Amino acid sequence: MGDIKAKILSVGTYVPEKVLTNAYFESILDTSDEWITTRTGIRERRVVDADNPVTAADMGCRAARVALERAGVAAKSVDGIIVATFTPDNFFPSTACRMQADLGCTGAFAFDISAACAGFVYALTVANNMIVSGQAKTILVVGSEVISKTLDWNDRGTCILFGDGAGVVVLQADGSGRRDKGILSCYLSSDGTMGDLLKLPSWGDERFLSMKGNEVFKHAVRMMSDASARAAGQAGFKIEDIDFLIPHQANIRIIQSIANTLSVPMEKVVTNLDRYGNTSSASIPLALEEAWGDGRVKDGSKVLFVGLGGGFTVGSVVCII
Ligand code: UT7
């Protein structure tokens, strides 16, 4: 049991077709393409179309089918589905249970977790621990969000930032004893005292995502830099040993500040928020898909995932692809 590691076999993603450019926000709000681009790095984002509504489970299933196909894994041999989302289809049944039914993963347990924008890293950590302990062999780790439904479209400080999408990795047990493959370290931390800085209430009339952006910004840089250094250290690496930093995609200035704090050159940092905005728990698998797809990330690459979200929640994972 002690020699089992969890390795990422594949990634799959899905984003809705509808694109909202910064020009759209110029037409509905007191904002500008120049402000949004320079303050956030975002140029456009994908959103679910009201005429073709898809849910977090629907998008998760589309991404999962791609990931399963790429991994050559049959739906029936999946042991578990863990979905990170703050925009679930229902309070219950969980988004994961809906995906289990739609995908035909008849042998899988399924549950959702709530860790906002750090959700993918939290789900990956839970899945890793279940695999390492021998409880499961193959787990779908999902981040899927329909954030457009939660936004106040009159609040220029939030509605310009977010997009919808889904990403899934197939995580599987590897008993070969190899040190050069799979997840090497996971670090999680939370600070509930800062809950009011970024929140989405479940009940009441004000059910919109709200954020004190510039305060979140400062904590995001500090906490994600710290989490990155910890996961690298626990894996036995110096930060310069890491080939690619794949951070949660909230704001290009946050990402640049983290890279600067850690002395990681931007060539080693994967970003795609210019095209997708902040997709919360989907942002890390969307970035992984891109860097793996274009050949930057390949067999043997040492990658560091790091995310931070409302809660606050922060987490990091070091993995060799
Ligand atoms: O995913 C979870 C984690 N989330 C994040 O990490 C997000 C963290 N925060 C941020 O990305 C940034 O704080 C924002 C992009 C949200 C805001 O950027 P900022 O540089 O921190 O701006 P600010 O909130 O300090 O606001 C500066 C000014 C304000 O105007 P005044 O009071 O100086 O006159 C805002 O009203 O910019 C104004 N402003 C805007 N102006 C044009 C805020 N949003 C906009 C906008 N267009 N969309």
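Its Cα gyration tensor gives the range 1-91 an equivalent ellipsoid. The semi-axes, each the square root of 5 times an eigenvalue, are 35, 17, 13 Å from largest down. Restricting to the chain, compute how many DSSP beta bridges are antiparallel as a %, nearest 5. Roughly 70 percent of the beta bridges in the chain run antiparallel, per DSSP. Since only G195, I160, N22 are under comparison, the one whose Cα sits farthest along the positive direction of the charge dipole of the chain, derived from C-beta charges on Lys, Arg, Asp and Glu, is G195.
With the largest listed first and rounded to whole Å, the semi-axes of the equivalent ellipsoid of the chain from the Cα gyration tensor are 29, 23, 17.
Sorted largest first by accessible area at a 1.4 angstrom probe radius, with every protein chain in place, the residues M194, M59 fall in the order M194, M59.
Span-like helix check, the chain: qualifying full DSSP H segments, with Cα axial length of 24 Å or more and mean Kyte-Doolittle of -0.5 or more, are 213-234. Charged side chains reduced to their Cβ positions (Lys and Arg at +1, Asp and Glu at -1) give the range 1-48 a dipole of some 340 debye around its Cα centre. Loop-located chymotrypsin sites (Phe, Trp or Tyr not before Pro) in the range 192-287 (DSSP state not H, G, I, E or B) with no more than 11 neighbouring Cβ atoms inside 10 Å: W203. The loop-placed trypsin sites (Lys or Arg not before Pro) in the range 244-307, going by DSSP, that have at most 11 neighbouring Cβ atoms within 10 Å of their Cβ come out as K298. Each Lys and Arg contributes +1 and each Asp and Glu -1, all at the Cβ; summed about the Cα centre of the range 246-296, the dipole is approximately 160 debye. Assuming charge only on the beta carbon of Lys and Arg (+1) and of Asp and Glu (-1), the dipole of the chain about its Cα centre is about 900 debye to the nearest 20. With helices as the sole contributors, the chain gives -9500 deg cm²/dmol at 222 nm; each DSSP H run of n ≥ 4 counts as -39500 (n - 2.57), and the sum is divided by every residue.
Note on V19 and D152: their simple-model spin labels are 3.0 nm apart, each label 7 Å out from Cα toward Cβ. Projecting label points 7 angstrom from Cα along Cα→Cβ for D241 and S176 puts them 2.0 nm apart.
Annotation note: GluC sites (Glu not before Pro) in the range 197-295 located in DSSP loop regions with a Cβ neighbour count of at most 13 within 10 Å are E206. When all protein chains stay in place, what accessible area (Å², nearest 10, 1.4 Å probe) is found for D3? About 110 Å², ignoring ligands and nucleic acids.
The values are calculated or read from the model by the stated rules, or taken from the named source; none is laboratory data. A quick note: this is a predicted structure, and the numbers were derived from the prediction, not measured. Neighbour counts run over all protein chains shown; Cβ positions are idealised from the backbone, glycine included. What goes into the accessible areas is simple: the full protein's heavy atoms, side chains included, and nothing from ligands, DNA or RNA. Shrake-Rupley method; radii C 1.70, N 1.55, O 1.52, S 1.80 Å.
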